[in-house]
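Take a look at the structure set out below.
The values are calculated or read from the model by the stated rules, or taken from the named source; none is laboratory data. As the structure is a prediction and not an experimental result, all values here were calculated from the model. Ideal geometry is used to build each Cβ from the backbone, glycine not excepted, and the neighbour counts take in all protein chains shown. Ligands, DNA and RNA are stripped out before the accessible areas are found, and what is left, the full protein with its side chains, is counted by its heavy atoms. Shrake-Rupley method; radii C 1.70, N 1.55, O 1.52, S 1.80 Å.
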Amino acid sequence: MSDREAPHRVVLDLRTRVALRLGWWLLRLLGLTWRTRVYGRDALLAPFPERTAVVYTLWHGQMLPLLWSHHVRTGVLVSEHKDGEIITRVLERFGMFGVRGSTSRGGTRALLEAVQVVRGGTDMAFTPDGPRGPRHSFAPGALILAHRAEVPIITITGHVDRTWRLRSWDGFELPKPFARITVLYGPPRRVDDGDVRTAAARTTEFAAHMQADMARAAALAGSANGRTGEGP
């Protein structure tokens, strides 16, 4: 991990560290029972064979099932609070890393750091409705990053047929044992507007893209024939 990728550490107490370790092993055991189908992963390379990086967007409440199947080293924007440190530790278990900051605190510094990560050839992921919502709202941070780094945005959405949904603002999803998870990568979408203000104003458009992709993921889940693995 480079100095740029190194997270800004927050000291966690022993109880939290133990809970994280136990929780990770329980999650791994649970994840072994999930059956995942992935659609559109070829969009990562085919349309842009010479690309250096992309910006992913995914809803905060779907982070777990989507990142579980991602398998691409990616930086994720997370908050600077204790909860952000916990998420960062979990991301590292997935082979990813956190860039600390959010649209509500530390946003400018975090965005500049994210631009450098992407320009260095590493993908970045945003939860545009995080860290506090409203659920499925689309903040402009990912659009600003994609415009400044001159890279496309790829949405990641999904559908889980059986899930526990937490009573949190984001309706965080924890797939149940033997759940079927359908993951959909959207097509690369350029944010090549003439100026960053115009690019940042496209939040409604990209929120609509993500909602449409979620509906498509649900449709794909409904038509699946029960096979697991990489979809067409």
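What to note about this one:
- Within the stretch 173-220, tally of residues that are assigned to a loop (DSSP other than H, G, I, E, B), hydrophobic (A, V, I, L, M, F, W, C) and crowded, with 18+ Cβ neighbours inside 10 Å: 2
- Within the stretch 128-166, no residue satisfies the criterion of being touching a Gly at 6+ places or on another chain (Cβ under 6 Å) and among the aromatic types (Phe, Trp, Tyr).
- Any hit, the stretch 65-82, residues being within 27 Å of Ala208 (Cα to Cα), open to solvent by less than 30 Å² (accessible area, probe 1.4 Å), of a type in the set (Phe, Trp, Tyr) and modelled with pLDDT of 85 or more: no
- Of the numbered criteria (1) within 11 Å of the chain's Cα centre (by Cα); (2) modelled with pLDDT under 90, the one Gly106 fails is (1).
- Restricting Asp129, Asp213, Asp170 to those that are touching a residue at least 12 places away in the same chain (Cβ under 8 Å), of a type in the set (D, E, K, R), out of contact with any Asp or Glu (no Cβ under 9 Å at 6 or more places or on another chain) and closer than 21 Å to Leu77 by Cβ reduces the list to Asp213.
- Qualifying residue in the stretch 15-29 (condition: open to solvent by less than 70 Å² (accessible area, probe 1.4 Å), within 14 Å of Gly98 (Cα to Cα), modelled with pLDDT under 90 and among the hydroxyl-bearing types (Ser, Thr, Tyr)): no
- Residues that are assigned to a strand (DSSP E or B), open to solvent by less than 50 Å² (accessible area, probe 1.4 Å) and not hydrophobic (A, V, I, L, M, F, W, C) within the stretch 151-172 comprise Thr155, Thr157, Gly158, Thr163, listed in sequence order.
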